[in-house]
Structure formats: C-alpha cells, structure tokens
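**Q** One structure is given below, represented as structure tokens, and several questions about it will come after.
The values are calculated or read from the model by the stated rules, or taken from the named source; none is laboratory data. Everything numeric in this text was worked out from a predicted model, so none of it was measured. Backbone-built Cβ (ideal geometry, glycine too); neighbour counts: all protein chains shown.
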C-alpha cells in the first residue's frame, strides 16, 4: 500500500481532532459536560474530628483542631481556605484559618486538591495564653471535661482556581 495514504489519513485525523477541540472548547477538557448544562456542584462535607489539648501549663495551653473535608463531586475540588472559631460556653476561645485565598492573578495560594470521592485531613495548632482570667475555663480544660462549639466556613470550587465561582460551606459542630 502507498505510504502517502497513511500520511494523508494521519493528517486528516489530526485535523479532525483539532477541529473537535476548538469547537467544543473546555467542555471536552472538563469531563464531557454537555454544552449548555452547567456543572452541578455538590457541597463538600466538613467534619470537625476533634479539638484536643496538646499541652497545658500555668502559662497557657496548646490545642489542636483536626478537620476532615470530603468531596462527593465527580471531579476534583480545590479547597482554598477553612476559617474556624472555637467557643466554650458561648465565649470565643480561639479563631484561625487553614489555607489562604488568592489575592490576585499572580499571587500563589496555599490550597488543597481533593480528588473525586476523596478527602483531606487538615490540622492546626492554637496557642492560648493564660492571663489569669476565666479560672473555670482553665480548670475545665485541665480536667478534660470541656464541650467545644466549632463554627466556620470552607471556600472551594471545582476543577481549578479560575473556573466557575467560589462556593462557601458554613459548618457548626459540637464536640465534647
């Protein structure tokens, strides 16, 4: 058989592939979502696993918060930031952030990729200083008989930091 036929078929296949990619745009690259249908974004699940005391002395304490984020979406999710507040008896004890939101086009971000049906475990350490106030809080912390209320919000989107809008999930959980 003539080699020019094989070359012609190969060139034709490449041209068809180029036309297919150009006419379908990002739909082909984003997981075969039919044209005109926006991707349905299922909220990520946020679970506060624990707030534990790592160290405790007369000057203060070190706490650790462990949060698991799971992604039920059929494609990867990008988690940019988790903000949290920790309360004990309606008094805010601590607040913190894990990750960061990008502040500009060139700004690098500390974000987490969560694969489809996967999860990521986030940890943060909190330093508390004992200023001599709230003796009932410090005695409850020392005894380990403390109930925490953790509230917050998680910021995520699907696929990449530049596609679609950012989604926010509010969470609240009691531990103790």
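**Q** Please indicate, with yes or no, whether at least one residue in segment 117-126 is touching a strand residue (DSSP E or B) at 6+ places or on another chain (Cβ under 9 Å), modelled with pLDDT under 90, closer than 30 Å to residue 40 by Cα and assigned to a strand (DSSP E or B). Break it down stepwise before answering.
**A** Let us first name the residues in segment 117-126 that are touching a strand residue (DSSP E or B) at 6+ places or on another chain (Cβ under 9 Å), namely 117-126.
Still in the list and also modelled with pLDDT under 90: none.
No: zero hits.
**Q** Which number in (1) out of contact with any strand residue (DSSP E or B) (no Cβ under 8 Å at 6 or more places or on another chain); (2) at pLDDT 90 or above marks the one condition that residue 145 misses?
**A** Checking residue 145 against (1) out of contact with any strand residue (DSSP E or B) (no Cβ under 8 Å at 6 or more places or on another chain); (2) at pLDDT 90 or above, the one that fails is (2).
**Q** Mind checking which residues of segment 73-96 are within 17 Å of residue 41 (Cβ to Cβ) and out of contact with any strand residue (DSSP E or B) (no Cβ under 8 Å at 6 or more places or on another chain)?
**A** If the condition is that a residue be within 17 Å of residue 41 (Cβ to Cβ) and out of contact with any strand residue (DSSP E or B) (no Cβ under 8 Å at 6 or more places or on another chain), then 74 is the only one that fits.
**Q** Checking residue 73 against (1) in a strand (DSSP E or B); (2) within 17 Å of residue 166 (Cα to Cα), which test does it fail?
**A** (1)
**Q** Could you list, ordered by first residue, the pairs with Cβ atoms under 7 Å in which the first is in segment 89-100 and surrounded by 12 or more Cβ atoms within 10 Å (Cβ to Cβ) and the second is not in a strand (DSSP E or B), at least 6 apart or interchain?
**A** 99/110; 99/111; 100/109; 100/110
**Q** Right, here's the next one. If residue 140 passes every condition in (1) exposed (fewer than 11 other Cβ atoms within 10 Å of the Cβ); (2) touching a strand residue (DSSP E or B) at 6+ places or on another chain (Cβ under 9 Å); (3) in a helix (DSSP H, G or I) but one, which one does it miss?
**A** (1)
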